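Input: a single structure, listed below in structure tokens.
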Amino acid sequence: MDKNKLWKWMLLGILVIWSFALVTPLDQKVTLGLDLRGGSSFVVEVDAEDVAKKMVESGEAESRERVSESDLKDQIKKVQEIAVETIRNRIDVLGTSEPEIYPEGDARIVIRIPGADADTRAEAKAQILSDAVLSFKMVHLESDAWVAEVTGSGQVPSGFKIGGQDRSSTYFIRDRSAMADDELDRAFYERLKRFGGKHADYMLMSDRLQDGSTIYRPEFIERRRQMGGDSIKDAFVSYDPMTGLPSISLEFDGKGKKDFGNVTEKFSPSEDGIYRRMAIILDDTLYSAPQINEAIFSGRAEISGNFSVVEARRLVNVLRAGALPGRVKIVEERTVAPTLGHDSINSGMKAIIYGGIAVLVFMALFYMVPGLIANLSLVFVLLLLPVGMMVSAGFLGVISGSLEGGSVSLPTLTLYGIAGIVLTVGMAVDANVLIFERMREEWRVGKSVAGSINAGYNKAFSTILDANVTTLLTAIILFWQGSGPIRGFAVTLSAGILVSMFIVLVMTRLFFNTMADSNVLKSIKMMSIPFLQNAKFNFLGARKIAGIISLLVIVGTWGLFSTKGDDNFGVDFTGGSVITFAFDDKQDIEDVRGTLAEAGFPTANIAYQAALDGTEFLEVKVGASGEEAEPALVAVKGLSGNYQDIKNDSVGSQIGAELKKKGINAIIFALIGIIIYISIRFEFAFAMGAITALAHDVLITIGIYCALGNELSMPIIAALLTIVGYSVNDTIVVFDRIREDLKLEKGKSYKDIANLSINQTLSRTVLTSITTLLTVVMLLVFGGGAVKDFALALFIGILVGTYSSIFVATPVVLLWHKEEKVK
């Protein structure tokens, strides 16, 4: 064996060992995404208005209008950096395994909590949204008089009514007929501060009567903050020895002890006998207002209030973790129940196994010995995917600027990552088919086995390179414009392209050459499809009819698309929530509709869906997101039949608009990139042909997909970009043969040469479509849920892409070469 071959075998061995090292042991090295493992993810955004308000309060700006955009942007970035660590500290106390918390962009933070159940999710959400801003202010000296004046004039805050009067003052009780509990949000309490028209903040302090009923005592609080909570050393729950009610004990650090002592000394009883009260406020809620009897230098304080043990513990946790330097709001929330994640793993594995078996059997039967070698190469492609994913993750991270600190690790495996692996199996066959068809041609003209192998590889190289580079380009753009699972799919697709090119062009050729040199491979025998061999179909003669058919399909499906309007788009693009429920006893859909209407969602889309095993689920889509969608979830869970939410996708309108823009940008950038690449590698006419075919494929795929009642989402954009890559791959194979035939077939018309090239590549076009469709069909059958929709879009796109590479791309090229003779 010569040294060149030896080095290649050694390289393959090293890569296989490295790949195994990356994934073993599986339970420690391979991280499953939330869609496979179950759990919750949140995307939170720093509230720009709150940051600006705090800049004014701290004296950094005289008013909101004086806060410059550049200063605000810098401050938001600082808040984001601190908030990441604060939220991480809060989530850590929940005891969840390996939460992922990291910044995204300049104002957002991504939080992923694997395996989180409903209780953990609710607690995490409360921890994330809690500001934990502790303020010590003074109750205004005129508070009692002003409260009496305002109340005496008949002014009562909306949502409350006078409940009575005791020795302290008049108190309120809730009036839920005027305002529901979920309307008492941050905005309400912000407005409440201005109630009464005094130069102090009007606040309500919760209290409890002897009979256990909850009341609310009004107070006017000075706006100036005497002290904050940034000097808290520790916080813990304590209990009143008389009542057993929980309270929160605080311990200050050295600076805090001094500051608290100075404040209490400053407002200690004066000589005229006036006692002052200190308002203890946490997250704009007045918890207590104790009287200051003397200066306190012990460095300890207590927050007593009308809260439960659970609430007290939560407050202690957020106080220990520290206050958020600025408010954050949830702009995207997604949840998958662990049981659903387990089902996704099973369905994904079935798709991989059955798709792989289908391709292996087909290749072995059709291509015989070369097919067995191709199957061996597919096995090595799968074995080396971990290395490919590692390299791809690092490469894509660098070019997109998202690689933090230069670290590279195996990416998280998601359901779309599995889809990428399945698709890789189908697309990896394409290069083998190209080479085998070329080898068949060379063998037929009388070349030796070794000569046929080398000529087949040499002639197929440029086609394989161009086709894979354009597909890789779409994967890069997908990674750049996508996020989360979509990026995982882009990494897997990129890895598949890189690994398959290495295996097919280097290692599979090595297998063939080794067999040929040792005289094991004595002939090149393959099956063929009779009507595809020496085919002489006049495809270009039917280009006008094909054009009319395409135009009718586009006009028809897009006419329907326009009538449906926003119903074509999922919550990824419109904003809103889609909640999936499992249940024990199915309720009539009209009962569900009535319940949701009573909860304030009369226009909710409601449908029962069936899984592959026959299990039914209820899917509810509402226009609201986040906390605004919570009543819908509560309403359905309140139905008889034990309805439990197992999946929840909630996207704010702002992030929905951004995702829609990113999706459109991704497709536009992919098309522009392909125009540039094909113009360089071929000529501008070929670029126009390819782009027209791609636009044709995207339009028809979207039109048919939505006409079937489906909605567009970011995963479908990923499918469209994959179709773009696949379709241009098909088109380039034809173009590359046209370019070759132009040099060989002198004196013929451009049209005849183009038609000849289409016929020469027809066998490869059909066979590649078959192998790719085999794997996509397995995704379609076994994928389930969103992956089933993803696979459906791919299925439509592959069929349309195969059609367009014959009937659309080349006819457009002919517009630049009408009746032209090749000299």
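The values are calculated or read from the model by the stated rules, or taken from the named source; none is laboratory data. Please read all numbers here as calculations on a predicted model, not as lab measurements. Neighbour counts are summed over all protein chains in view; Cβ atoms, including those assigned to glycine, are modelled from backbone coordinates with ideal geometry. Ligands, DNA and RNA are excluded from the accessible area calculation, which covers all protein heavy atoms including side chains. Shrake-Rupley method; radii C 1.70, N 1.55, O 1.52, S 1.80 Å.
Could you give every pair whose Cβ atoms fall below 8 Å, whose first residue belongs to segment 123-152 and is open to solvent by less than 40 Å² (accessible area, probe 1.4 Å), and whose second residue is modelled with pLDDT of 90 or more and of a type in the set (Phe, Trp, Tyr), counting only separations of at least 6 or pairs across chains? Taking only residues 6 or more apart or on different chains, the pairs are Val139/Phe220; His140/Trp146; His140/Phe220; Ser143/Phe220; Trp146/Phe220; Val147/Phe220; Val150/Phe195; Val150/Tyr202. Can you tell me which of (1) under 30 Å from Gly446 (Cβ atoms); (2) open to solvent by 50 Å² or more (accessible area, probe 1.4 Å) is the one Ser562 doesn't meet? Going through (1) under 30 Å from Gly446 (Cβ atoms); (2) open to solvent by 50 Å² or more (accessible area, probe 1.4 Å) one by one, Ser562 breaks only (1).
I need the full set of residues from segment 39-95 which are part of a helix (DSSP H, G or I), touching a strand residue (DSSP E or B) at 6+ places or on another chain (Cβ under 8 Å) and not aliphatic (A, V, I, L, M), in order please. Spell out how you get there, then give the answer.
Start the filter on segment 39-95 by keeping residues that are part of a helix (DSSP H, G or I), which leaves 48-57, 64-66, 69-92.
Filter once more, keeping what is touching a strand residue (DSSP E or B) at 6+ places or on another chain (Cβ under 8 Å): 76, 79-81, 83-84, 87-88, 91.
Selection gives Gln80, Glu81, Arg88.
Can we say Gly575 is on the phi > 0 side of the Ramachandran plot and within 21 Å of the chain's Cα centre (by Cα)? The answer is yes for Gly575. Selection of segment 556-578 for residues being of a type in the set (Ser, Thr, Tyr), touching a helix residue (DSSP H, G or I) at 6+ places or on another chain (Cβ under 7 Å) and in a helix (DSSP H, G or I) yields Thr557, Thr574. Scanning segment 605-652 for residues that are in a loop (DSSP other than H, G, I, E, B) and either among the basic types (Lys, Arg) or more than 25 Å from Val44 (Cα to Cα) (or both) gives Ala611, Leu612, Asp613, Gly614, Thr615, Gly638, Leu639, Ser640, Gly641, Asn642, Tyr643. Say we look at segment 169-180 and pick out the residues that are modelled with pLDDT under 90 and out of contact with any helix residue (DSSP H, G or I) (no Cβ under 9 Å at 6 or more places or on another chain); which of these is most open to solvent (accessible area, probe 1.4 Å)? Step by step, filter segment 169-180, then rank; the result is Arg176.
Residue-by-condition table, conditions (1) at pLDDT 85 or above; (2) open to solvent by 50 Å² or more (accessible area, probe 1.4 Å); (3) under 20 Å from Thr701 (Cα atoms):
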site	(1), (2), (3)
Met501	yes, no, no
Leu505	yes, no, no
Val555	yes, yes, yes
Asp572	no, no, yes
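Within segment 421-475, being within 30 Å of Pro411 (Cα to Cα), open to solvent by less than 10 Å² (accessible area, probe 1.4 Å) and free of Cβ contacts under 8 Å to residues at least 60 places away in the same chain holds for one residue alone: Ile464. Where the second residue is aromatic (Phe, Trp, Tyr) and open to solvent by less than 10 Å² (accessible area, probe 1.4 Å) and the first is closer than 17 Å to Val766 by Cα and lies in segment 725-752, which pairs have Cβ atoms under 8 Å and are six or more apart or on separate chains? Taking only residues 6 or more apart or on different chains, the pairs are Phe735/Phe686.
Residues in segment 225-247 that are within 30 Å of Ile162 (Cβ to Cβ) and either at pLDDT 85 or above or open to solvent by less than 40 Å² (accessible area, probe 1.4 Å) (or both): Pro246, Ser247.
Would you say Glu60 is under 30 Å from Val787 (Cβ atoms) and out of contact with any helix residue (DSSP H, G or I) (no Cβ under 7 Å at 6 or more places or on another chain)? It is false that Glu60 is under 30 Å from Val787 (Cβ atoms) and out of contact with any helix residue (DSSP H, G or I) (no Cβ under 7 Å at 6 or more places or on another chain).
Yes or no: segment 655-676 includes at least one residue that is open to solvent by less than 70 Å² (accessible area, probe 1.4 Å), in contact (Cβ under 8 Å) with a residue 24 or more places away in the chain and out of contact with any helix residue (DSSP H, G or I) (no Cβ under 8 Å at 6 or more places or on another chain). Yes, some residue in segment 655-676 is open to solvent by less than 70 Å² (accessible area, probe 1.4 Å), in contact (Cβ under 8 Å) with a residue 24 or more places away in the chain and out of contact with any helix residue (DSSP H, G or I) (no Cβ under 8 Å at 6 or more places or on another chain). When segment 797-812 is filtered for residues that are under 10 Å from Gly689 (Cβ atoms), open to solvent by 10 Å² or more (accessible area, probe 1.4 Å) and hydrophobic (A, V, I, L, M, F, W, C), the ones remaining, listed by number, are Val808, Val812. Here Val263 clears all of (1) over 22 Å from Ser206 (Cα atoms); (2) open to solvent by less than 40 Å² (accessible area, probe 1.4 Å); (3) under 46 Å from the mean Cα position of the chain (by Cα) except the condition numbered (3).
Quick check, is Ala495 outside any helix (DSSP H, G or I), surrounded by 14 or more Cβ atoms within 10 Å (Cβ to Cβ) and small (Gly, Ala, Ser)? Spell out the reasoning first.
Working: outside any helix (DSSP H, G or I): no; surrounded by 14 or more Cβ atoms within 10 Å (Cβ to Cβ): yes; small (Gly, Ala, Ser): yes.
Judged against the criteria, Ala495 is not a match.
Of all residues in segment 212-224, those that are assigned to a loop (DSSP other than H, G, I, E, B) and either aliphatic (A, V, I, L, M) or open to solvent by 40 Å² or more (accessible area, probe 1.4 Å) (or both) total 4. Here is the figure for segment 181-196: residues that are in a loop (DSSP other than H, G, I, E, B) and either open to solvent by 70 Å² or more (accessible area, probe 1.4 Å) or within 25 Å of Asp47 (Cα to Cα) (or both) total 5.
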